[in-house]
Each structure stands twice: as C-alpha cells, then as structure tokens.
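Trainee: Below is a structure I'd like to ask you about.
The values are calculated or read from the model by the stated rules, or taken from the named source; none is laboratory data. Since the structure is predicted, the reported quantities are computational estimates derived from the model, not experimental observations. As a convention, Cβ positions derive from the backbone with ideal geometry for all residues, glycine included, and neighbour counts pool all protein chains shown. Calculation scope for accessible area: heavy atoms of the full protein, side chains included, ligands and nucleic acids excluded. Shrake-Rupley method; radii C 1.70, N 1.55, O 1.52, S 1.80 Å.
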Amino acid sequence: EEILAAWDEGLDFYGTKIRYETDVTKVDKTEDGFSLTVAGGETIEAENVILSIGLQGNINKMRCDGGDLPLVQYQLDDPDEYEAETVVVIGGGDAAIENAVALSKQNTVIIINRRPEFARAKQGNLTLILNAIEKGDIQCYYEANPVRVEPDGIVLDTPDGEATVKCDRIIARLGASPPRRFVEACGVEFPSDEPGVLPEVSPTYESNVPGLYIVGALAGYPLIKQAMNQGFEVVAYINGDDIAPADEP
C-alpha cells in the first residue's frame, strides 16, 4: 500500500496522462512512428511505444478433467483471506512457493511439484519451501501430476501410484504464455514457434521493430521492480540520456 501510494503521488506530481479502460487492439508502424488503434476505432499517434503488458492475461490452466471446477483458482490476491482450510498449491516456481508459504501460516498446505526438485525457484524461495517441508509446515508431492479434479479434492499420479488428496481449495500456479498473436501483429518477431518462447530484445529493450520497446515479463523479466527499472531506462534512452542499467552489476 505504501508503494502504491508513492506511485500515485508521482503520477500526480508529474501530470502523467493515463487512459483507463482503453483496450489497444492494434499497433501499426508508420513513417513518423506508430498509430495505435483502441477499442471503438479511435487512433493515437506515438513516436515510440513501450509494451509492458506482461503475461498474466494468458495464464496457463490445468488440462485435466475438472480444471474448471469452483474449487480451482489460478491466482491468489490475498493469502490472509483464507483460514483453517486445506489448500493444494500446484507448481514448482516462485509464485507457487510464495503462495504456499504464505497460506501455510493459517492453513494446511500441500504443494504439488511435477519435478523431483524446485529447480526454477530463486534461492530465497528455495530455502523457504525446503525449510517449511522439513518442519512439516507444508506437505510436498514430488514428481506428481494431476489426473483429475473432483468436487472435494484432486487425484494425482505419483511415483508411488495414484493418490487422492482431499482439499477445500486448489491454487494452480502454472505460469503464463505471451499474447503472441497480438505481439506478432505489432510486427514483433519471435525466435521460434516453441510455446512460451519470448521475443528477443536489444540491450536497451528495443524489439526488431525500431521504436517499439518491450519491458517486464514479456521480455523475460517477471519481477515488478525489474519492469519498473526497465521502463525508466527506456524513457531515458529515448530521451538521449546515457544511464547504467539498474539490474546490471
């Protein structure tokens, strides 16, 4: 809340022009820069464009039967909302670990990892989850995959056979995929057709389209502080300022 308040103060101080509830449907390259089409047909002209749209509009969902049942959710806004529940968290990345640890303070938590280890986690989160599992605060199923979701739990395929886990809630943190169709329509190229691959950017976060920059998760940097740093740096580059990248040694 303090951070958000500080950002709001900055927006007011600098008179930042914001268009809320404005859905950009198309970005065209022009001789002088770009023409952005928004829902309703209005166009906005720009010399440069920074795409900071992230990935969370394209969340990966469970592919097994029951993945759309009411007990399944794909995001967690506030772990303190839940108390005295049995919660299954699916995923082995930072988001899943952070959700599981936060929920374990006042809930019974089981985390499902399809790998034999938490290979994708940052060191701090790796330490947190391993300590929680060792202390018994969180139960973990390694090398386990969902078979189906039932109204009161989930059935897993584990190295020891099929296991049924009864629970009140399932939180699946399975990552997200880039909004590829929209990004490619902007003229941005992807290095391959592999699912989840991200567009390549220059050291100043410029895409293959001159004047179109990409920051944040869509550029491979999923932390909010990285996206904030990159956005600041891109504006500085456009302005002709020579600054050192914040996320480099």
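Trainee: Need pairs with beta-carbon distance below 6 Å; first residue polar (S, T, N, Q) and within the stretch 39-61, second open to solvent by 50 Å² or more (accessible area, probe 1.4 Å); sequence gap 6+ or separate chains.
Mentor: Listed by first residue and then by second, the contacts come to Asn48/Ile238; Asn60/Leu174.
Trainee: Restricting the stretch 188-203 to residues that are among the acidic types (Asp, Glu) and surrounded by 10 or more Cβ atoms within 10 Å (Cβ to Cβ), which is modelled with the highest pLDDT? Before you say what the answer is, go through the steps one by one.
Mentor: Within the stretch 188-203, the first condition is being among the acidic types (Asp, Glu), and the residues that meet it are 189, 193-194, 200.
Restricting the remaining residues to those that are surrounded by 10 or more Cβ atoms within 10 Å (Cβ to Cβ) gives 189, 200.
Working: Glu189: 95, Glu200: 92.
My answer is Glu189.
Trainee: Follow-up. Hey, could you check the stretch 183-212 for residues that are in contact (Cβ under 8 Å) with a residue 60 or more places away in the chain and not in a loop (DSSP other than H, G, I, E, B) and say which is farthest from Ala236 (Cα to Cα)?
Mentor: This residue is Ala185.
Trainee: Please give the number of the condition Tyr82 fails out of (1) touching a residue at least 12 places away in the same chain (Cβ under 8 Å); (2) more than 29 Å from Ala119 (Cβ to Cβ).
Mentor: Against the list (1) touching a residue at least 12 places away in the same chain (Cβ under 8 Å); (2) more than 29 Å from Ala119 (Cβ to Cβ), Tyr82 comes up short only on (2).
Trainee: In the stretch 213-242, how many are open to solvent by less than 50 Å² (accessible area, probe 1.4 Å), assigned to a loop (DSSP other than H, G, I, E, B) and aliphatic (A, V, I, L, M)?
Mentor: 1
Trainee: Going residue by residue through the stretch 129-137, is there one that turns out to be closer than 22 Å to Asp157 by Cβ and surrounded by fewer than 20 Cβ atoms within 10 Å (Cβ to Cβ)?
Mentor: For the stretch 129-137, residues closer than 22 Å to Asp157 by Cβ and surrounded by fewer than 20 Cβ atoms within 10 Å (Cβ to Cβ): present.
Trainee: Would you check which residues across the stretch 142-189 are in contact with a Phe, Trp or Tyr (Cβ under 9 Å, 6 or more places away or on another chain) and among the basic types (Lys, Arg) and list them?
Mentor: Matches in the stretch 142-189: Arg169, Arg173, Arg180.
Trainee: Is at least one residue of the stretch 8-25 under 23 Å from Ala217 (Cα atoms), in contact (Cβ under 8 Å) with a residue 60 or more places away in the chain and open to solvent by 50 Å² or more (accessible area, probe 1.4 Å)?
Mentor: No, there is no match, as no residue in the stretch 8-25 is under 23 Å from Ala217 (Cα atoms), in contact (Cβ under 8 Å) with a residue 60 or more places away in the chain and open to solvent by 50 Å² or more (accessible area, probe 1.4 Å).
Trainee: Give the stretch 148-187 a look and list any residue that's open to solvent by less than 70 Å² (accessible area, probe 1.4 Å) and more than 24 Å from Asn107 (Cα to Cα), or say none.
Mentor: Matches in the stretch 148-187: Gly161, Ala176, Ser177, Pro178, Pro179, Arg180, Phe182, Val183, Cys186, Gly187.
Trainee: Right, here's the next one. If I filter the stretch 37-63 down to residues being open to solvent by less than 70 Å² (accessible area, probe 1.4 Å) and assigned to a loop (DSSP other than H, G, I, E, B), which single residue comes out as farthest from Arg180 (Cα to Cα)? If you could, list the steps in order and put the result at the bottom.
Mentor: Narrowing the stretch 37-63 to residues open to solvent by less than 70 Å² (accessible area, probe 1.4 Å): 37-39, 41, 44, 46, 48-51, 54-55, 58-60, 62.
Pick out the ones that are also assigned to a loop (DSSP other than H, G, I, E, B) and you get 39, 41, 48, 54-55, 60, 62.
Working: Ala39: 19, Gly41: 22, Asn48: 20, Gly54: 11, Leu55: 10, Asn60: 14, Met62: 20 Å.
Residue satisfying both the conditions and the ranking: Gly41.
Trainee: A follow-up question, please. Which one of the conditions (1) closer than 25 Å to Glu206 by Cα; (2) open to solvent by less than 50 Å² (accessible area, probe 1.4 Å); (3) of a type in the set (Val, Ile, Thr) does Val72 fail to meet, given that it meets all the rest?
Mentor: Here Val72 meets the rest and fails (1).
Trainee: Continuing with this model, one more query. Testing Asn113 on (1) open to solvent by less than 40 Å² (accessible area, probe 1.4 Å); (2) over 30 Å from Leu198 (Cα atoms), one condition comes back false. Which one is that?
Mentor: (2)
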